[in-house]
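Structure first, then comments.
The values are calculated or read from the model by the stated rules, or taken from the named source; none is laboratory data. These figures come from a predicted structure and were not determined experimentally. As a convention, Cβ positions derive from the backbone with ideal geometry for all residues, glycine included, and neighbour counts pool all protein chains shown. Each accessible area value is taken on the protein alone, full model and side chains, heavy atoms only, with ligands, DNA and RNA left out. Shrake-Rupley method; radii C 1.70, N 1.55, O 1.52, S 1.80 Å.
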Amino acid sequence: MYVEENCMDRDSNEWVLKEFGLKGSPRGWRVLEDSFFVVLPPSTPSRLNLTHSEVCIKCPVWLSQCILKQHDKLLVEANSSNKPWLWRLPRLLHLNMCHMTTMINLGSRDSLAVPLRMLEVFTSWETCRRILGDSLAATHLTHTFTFLVHKGYFQQVRCFLDNKVPPLLEPSPTPPTPLASCLFDMITRPVNLVTSVTHTEFSDLILRSLCRHILAPQFTEPVQLFVIPALSALPQFPFRQLLLALRHVDIDVPHTTWLLFAMLSLEKKHFIIGESGNGGLLLGFLQLLASLTKNITKMNIGRAASSGSANNDSDDELEPKLENNAQTQVLEQCVEMLNDSGRVANLLLAVDQSQDPIVLQALCQVCHNLLVSHNHAIHKYRLLYMLAFKPTFLRHLWTAILSVCQTSIFGSETPLLHVISRGIPMCAELSDRIVPLLAVFCSLFSLLIVTLHDAEFYSDENLPGTSQHTMPFQLSELVSMTFTLKEVCLGLVELAFPDSRPSVTDGYRMAVHGRDSDSNPIENTQMWAHLFKVTVGLVRQLHGRDIRRAFCPEGHWISKQIMIPVGRPSEFIVRRSHLRNYRPFRGLRAFTREELDCQLHWLNSLSQGIILMFDWPAWNGEIRAQILVSSTKGEEGPPLSTKEVRTMTILRELPFVVSFQERVLVFQGLILKDKMEHQGDHSHFMQGPSIQLSVRRSYLYEDSFDKLSPENEPDLRLKMRVQLVNVAGLDEAGVDGGGVFREFLSELLKTCFDPNRGFFRITKDNMLHPNPSVHLIADNFPRHYFFIGRILGKALYENLLVELPFADFFLSKLVGEHSDVDIHHLASLDPVIYRNLLFLKTYEGDVADLGLDFTVMNDELGETRVEELKPGGANIQVTNINRIEYIHLMADYKLNRQMRAQCNAFKQGLANVVPVEWLQMFNNRELQVLISGAQIPVAVEDLKQHTNYAGGYASDHPTIKVFWKVMNNFTDEQRSQLLKFVTSCSRPPLLGFKELDPPFCIQHAGSVDRLPTASTCMNLLKLPEFTDEVTLRDKLLYAIQAGAGFELS
């Protein structure tokens, strides 16, 4: 304690003399005695006959008792022309403070009445003004409190409060005891004086000391339950002066959680943000709030590791832990106060009235602190979601983001967005200027987009009741915005995984940033990781809108800077587990012993002729720099290079910036590598592990469901050889070299997705989706969907195109990180319900008149059943207030709840063969193309270059020449019919006919009196030797348009 150091550990006599400025004087005590006799009555003893040990305890009490009887005369004497007591009186008051502290520390039960009375009399504004007048009273009290505060006044008052106020049960501004009231007055006297004087230095001293010793340290029960409520209940509190006192960042007042709680408690009554006259203080309040709300980022709520994208993995590893449970409770109360509707409304009004960009910066810093504190902060804090629905604010914020620049040493200004886009690290000062603005914009705009249906997003005018002011940007503005944000995301990927050796020279960085550039580019990992997450999220949302209805030009999303190593698919792995240790902005970590052993094993393999993919000395340097390692238990190989990690991150987070063709090459390369591991080269020679399957042609689904179950065949990636059994129970002729299997798989998929079987339904536009009422057909329906998912995965694995038109929402569930989809996908399931819900959203009358409640009626096989959208929904009427909730619950029921079990089982079966991470490189439309092929014209020249001939035919045969002439004259539809006739799929392969397996082949089929036939399992066209162009055309058209089915020959 302060007093113990100054009173108990020193010679008490010398210390008292020092306090009165008499230390070292041979007549110190005589001078002190003579000074007191000036004002003390004649009856006072002529000597202060006290021993050294009694000085500290008895001297202040005895002197105070004498002085209190003559306080009027002493006050006048202290402020007369001869002023020795002007500075000695404050020292005597300090002695009384020390006396009370000593009594408390010693556990003495002696009364504190005399010291408290002494302080009350000589620091009371009313007493001093009565005796001295306003001017002299203000001067006297200013001088007195300045001395006392410098001597630890508020620190001593805090000690008195903590030890003398009895336990409390709940917050109350009423003093629990007279002593507590007296102690609280000791706080309010100097605080109230601040409002009466105009000395800035004095007010700063008092208020900063109040914060440093009362409001900022960890709360004790008396402070939290009594002092703070009592200060808040004061008729007047100098909150404006408090803001000015704390406006400097270099002051020694710690910005703690407790100070945040105190400021919010005081601000609610003593500072109305939008009030006239407070405009100049708005900036100071926001800046202080921005600094204080950084403590909210310590809240460990909703921060569990997510199973989503890797940038969410183990977020809690970076979080600062709270000191204790008390701090957690105080932070939760701060959150409640920040969510106060009145406070938020006043803040929004004040921000709307201010055009100062610095105010916007401070507001965004506050919002950014809130966003980082919680994974669902955008829905948790009223301030955030109210700002999200202010289009004017979002436009203003985006304009401010574009205007934030850095001046180089050459005088040119570079937008900070461009600096991030180039992947150039920036100092803390620059990141504080741009990161909060950009993170807040991306978070708020993402929330707004979710709530806008397409008519509002595209500003359609044909929808009644649609507001044209809900969308803050025009489509032309979105084009440039999406390009900028896309480049920012790519730059963030470079910043997230920096090179082990700087790729940007110091000279270039100094030219861009200036000489004051910070050498440590990324100081706040949590801040940058959050920016990466929300920016990528917004870009993906905007790209999703562009998929449904294009507003960007062709090629807009493709980045030419990304190079995919398609020539080495076996070296390019994008399994999520391989990237588990590569998290954006997570810094570097050391090698584990297991990983070092793995690397040594890999190095030993060099002697066996394995080629090193990159420079060994550079990799050795990366070891010394402790770069991230991808090796895990059971996997060997070198650590991934920075370039590979960046590319894989892009394919996982922003796959659409890579062209579809390149991603297909990566996908097929991954499939090829996986095939080599599971099937090997011997499978082509009918050797090695394989699945031997015998099924009846008339019972393809039933036999396959039983024999290809996970219990019987746990791994469908093995080579599969099929023996078909005809109706008579005999094996069909032929050995399966691949053709029989392809025909079997094609026919099985058609059977699986046949709506008549009941597992899938079709929408009004003939798109397939799981049957919501399948539980009425099969009790164990999840096993069926798991099986069907495996079969579709096998088709993708074997590069077999099948014409199965899936609904967009169902494909979105397969490639999305989460199985649930939002209301915007409802149009692909039921356009009528979607239009009705949009009508309800924009209905201008009383929604209650429509007679709706929170239930839905289902007609399942002629049986009508009513289900509640929420508990008690049958008794909840849909009104203008809750109609948005009704719309989203209805869409969620139709899209998710009814089909959740079916879609989850199907997705699990699909992932059993093809990892979902590979499919997530594609969006829903691209996955449809991956399954069924692209709806593009058949390229005759490409088909011609990759066609084989058999049975006597060659490329220069007259019949072949006539065939290609006829093909060139066919329409696109007729060419597609021919392709379907031969391959069972009317669409060409994704990467051209060079990828068709087996290759397209034309075989001699004998005399001209026969029609052309085909073996779809072998992609074989059996063409008779027609020499006449007209005959060949007529016969060929008759065969491909007859619809007679396919034969196996």
For residue 246, residues with placed amide H under 5 Å, excluding near neighbours: none
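Could you compute the net charge surrounding residue 165? Neighbours are other residues with a C-beta less than 15 Å from the C-beta of residue 165; K and R count +1, D and E count -1. Display every interim value, and only then the final one.
Working: positive: 158, 164; negative: 162, 170, 185, 221.
Every neighbour counted, the sum reads -2.
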Relative contact order (%) - the stretch 933-1042, alpha-carbon pairs under 8 angstrom, separation at least six: 30 percent
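Sorted by mean Cβ packing within 10 Å, highest first, what order do the peptides 1016-1025, 857-866 take?
Numbers: 1016-1025: 22.8, 857-866: 9.1.
Top to bottom by mean Cβ count within 10 Å: 1016-1025, 857-866.
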Dipole axis of the stretch 933-1042 (+1 Lys, Arg; -1 Asp, Glu on Cβ), positive-most option in 947, 970, 998: 998
1.4 Å probe accessible area per residue over the stretch 933-1042, in Å²: 46 Å²
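FRET efficiency for residue 127 and residue 106, Cβ-Cβ distance as r, R0 = 22 Å, nearest 0.05?
Working: r = 31 Å, r/R0 = 1.39.
For R0 = 22 Å, the calculated efficiency reads 0.10.
Enumerate by residue number the GluC sites (Glu not before Pro) in the stretch 66-126 meeting two conditions: DSSP loop (anything except H, G, I, E, B), and at most 15 other Cβ atoms within 10 Å of the site's Cβ. Before the final figure, lay out each step's value.
Values: sites: 77, 120, 126; in loops: none.
Counting only loop positions with at most 15 other Cβ atoms within 10 Å, none of the GluC sites (Glu not before Pro) in the stretch 66-126 qualifies.
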Rounded to 5, the percent of DSSP beta bridges in the stretch 933-1042 classed as antiparallel: 25 percent
Proximal lysines to residue 73, defined as alpha-carbon separation beneath 16 angstrom and excluding residues fewer than eight positions away on the same chain: 83
Candidates per GluC sites (Glu not before Pro) in the stretch 645-731, loop by DSSP, up to 11 other Cβ within 10 Å: 711
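Considering only the other residues whose Cβ falls under 9 Å of the Cβ of residue 103, what net charge follows from Lys and Arg at +1 and Asp and Glu at -1? Let's see the in-between values first.
Numbers: positive: 109; negative: 110.
Here the charged neighbours net out to 0.
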Residue among 391, 379, 361 farthest towards the positive dipole end of the stretch 333-393, charges placed on Cβ: 379
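What order, most packed first, do the peptides 190-200, 367-377 have when packing is the mean number of other Cβ atoms within 10 Å of each residue? Don't skip to the answer; put the middle values down first.
On the way: 190-200: 17.0, 367-377: 21.9.
In descending order of packing, they fall as 367-377, 190-200.
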Of the trypsin sites (Lys or Arg not before Pro) in the stretch 60-119, those whose Cβ has at most 15 other Cβ within 10 Å and which sit in DSSP loop: 109
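Filter 673/794; 719/980; 719/794; 390/533; 980/1022; 944/1022 down to the pairs with a C-alpha to C-alpha distance above 18 Å, please. Let's see the in-between values first.
Working: 673/794 15 Å; 719/980 25 Å; 719/794 10 Å; 390/533 23 Å; 980/1022 14 Å; 944/1022 16 Å.
Over 18 Å Cα-Cα: 719/980; 390/533.
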